[in-house]
Number of protein chains: 2
Amino acid sequence: MPSTDTRTGPDARAVVTSEAVLDTALTLFAQRGYHGTALSQIAEILGIRTPSLYNHMRSKQELLETIVRQTLDHVLADFHAAVKGTDDPVVQLREATRVYALRHATHRREALIVNRDTTSLPEPALTAMRQRRREHERAIRSVIARGIESGTFAVGNAGLASFAILEMSVSIARWFREDGPRTAEQVADEYAEFALRIVRYRP
Amino acid sequence: MPSTDTRTGPDARAVVTSEAVLDTALTLFAQRGYHGTALSQIAEILGIRTPSLYNHMRSKQELLETIVRQTLDHVLADFHAAVKGTDDPVVQLREATRVYALRHATHRREALIVNRDTTSLPEPALTAMRQRRREHERAIRSVIARGIESGTFAVGNAGLASFAILEMSVSIARWFREDGPRTAEQVADEYAEFALRIVRYRP
DNA sequence: CTCGCTCCCTAGCGAGCGTTAGTCAGTGGG
DNA sequence: CCCACTGACTAACGCTCGCTAGGGAGCGAG
């Protein structure tokens, strides 16, 4: 949440941090998209004029790049932590899906921006970010492939299954509400179960 | 594909139809997003100047609205045709998923635009389009709910499952290639099978 | 007290946007 | 043959965009 000054009145003067700028950008980019958001809108919410934003950031593009890079790094870190403890494809796929789904429920704005606006990044950032996503997808795919090899999973094509699992999780960011009937953890558990069903793991 | 004049040379004069404008908009909106696309880019591809576009359309917004409305209408028509012949939830869910997935493979550009840029529509079109999507989602959900009631499906929550099934299908538009290893029909069949697995239908 | 730093402000630049108005060349039908 | 229509053009509009320059108020440290 943007931390503005507590003073009010005619000569109230907002005091803004770079975290507040990033947070507001997060909200607006998620709502209207990167190209659909003007810096003036970010500034207005923070209670300052547009040029003052430049005390806290270098450019609009840098804002987007920061958001995307941080998010993808977290996703990869989540994944590696999730699969670390075991070699069992069942546990690995369940855990990898669970943390991925959980992140999309708890960090909805970041997820929406990454999925909608990554392509608006300039090169070379675009290629770097695409590579991070591919890395994650390939890792999931190889977990499924090992499960197929060992006869634990029964699915025609590991690639198709990995796409389906990843993208159904991404969608959580679109509909999940914190004040809804289910907690983020409950939803993540359900989706982890869906993932195992897709690869037809029968306990 | 844009149908331009066959003449070439220094004084070649492009001749453009409104279908060609829509088609080019489809390609660019899908590639760069609605806000990320300028009319000048559409005009350049068609080989005309920007103002000439107005001989074939009313506004940029109208282009987007046409794309979204047509696509969602086709999705709903697909669905109703798919479930018409039977009351069996298994067949209905498989067919509904199959035609939805198939459309996302064969009409990738439309699907990408609907999913990314629907929120850029002005009211009241936005509400109308959201309602069409909800209608579709609710219809899928009720198929699943009937399957649960009859004991054919075993899944905790029909809503969660319907979201997962719909959104994994949407993702096809992101990776499918016509010249890839699988045909659109094959992919659609696989995803229809995934849908039944998610609701744990055991043949 | 005062110096220097932080961070806001106003003013303004240059570019690009979607859109309108008005013009003119080519084409097909009477 | 000519006239109306189609569909391109140039010119220009008002607006918004991201961003820069330069100035000044408030605050903490010495």
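Nothing in this text is a laboratory measurement; each read-out follows from the coordinates by a stated rule. None of these values were measured; they are calculated from a predicted model. Note: ideal-geometry Cβ built from the backbone for every residue, glycine included; neighbour counts use all protein chains shown.
Quick notes
- All-pairs alpha carbon distance profile, the range B:67-131, 10 Å steps from 0, percent: 20, 45, 28, 7
- Binned Cα-Cα distances of the range B:144-203, short to long, each 10 Å bin given as a whole percent: 22, 45, 24, 9, 0
- Of all the options B:69, B:134, B:98, the one that moves most in a Gaussian network model of chain B with Cα springs shorter than 10 angstrom is B:134.
- Per principal axis, descending, Cα span of the range A:61-198 in whole Å: 47, 38, 26
- Amide H contacts of residue A:88 (H built 1.01 Å from N, under 5 Å, at least 5 apart or other chain): none
- Shortest-first distances to equivalent copies, position residue A:180, nm, label 7 Å out along Cβ: 2.6
- Relative contact order computed over chain B (Cα-Cα under 8 Å; 6+ residues apart), in percent: 22 percent
- For the range B:54-71, 3J(HN,Hα) per residue [Karplus equation, 6.51 cos²θ - 1.76 cosθ + 1.60, θ = phi - 60°, Hz, x = Gly/Pro]: 6, 6, 10, 7, 9, 6, 5, 4, 4, 4, 4, 4, 4, 4, 5, 5, 4, 5
- Inter-centroid distance (Cα atoms) of the range B:41-111 relative to the range A:149-192, Å: 26 Å
- For peptide A:188-197, the mean count of partner chain Cβ atoms within 10 Å of a residue's Cβ comes to 4.
- Cα gyration tensor, the protein assembly as shown - rounded (a/c under 1.5), prolate or oblate: oblate
- Ranked from shortest, the separations from the 7 Å Cα-to-Cβ label point of residue B:17 to its equivalents in the other copies are 6.0 nm.
- In the range B:142-178, trypsin sites (Lys or Arg not before Pro) in a DSSP loop with at most 11 other beta-carbon atoms within 10 Å: B:177
- Estimated [θ] at 222 nm from DSSP helical runs (n ≥ 4, -39500 (n - 2.57)) normalised by residues in chain A, nearest 500: -21000 deg cm²/dmol
- Each other copy places its own label point for residue A:130 at 3.4 nm from this one, sorted shortest first, where the point lies 7 Å along the Cα-to-beta carbon line.
- Hz values of 3J(HN,Hα) by residue in the range A:164-170 - Karplus curve (6.51, -1.76, 1.60), Gly and Pro given as x: 4, 5, 5, 6, 5, 6, 4
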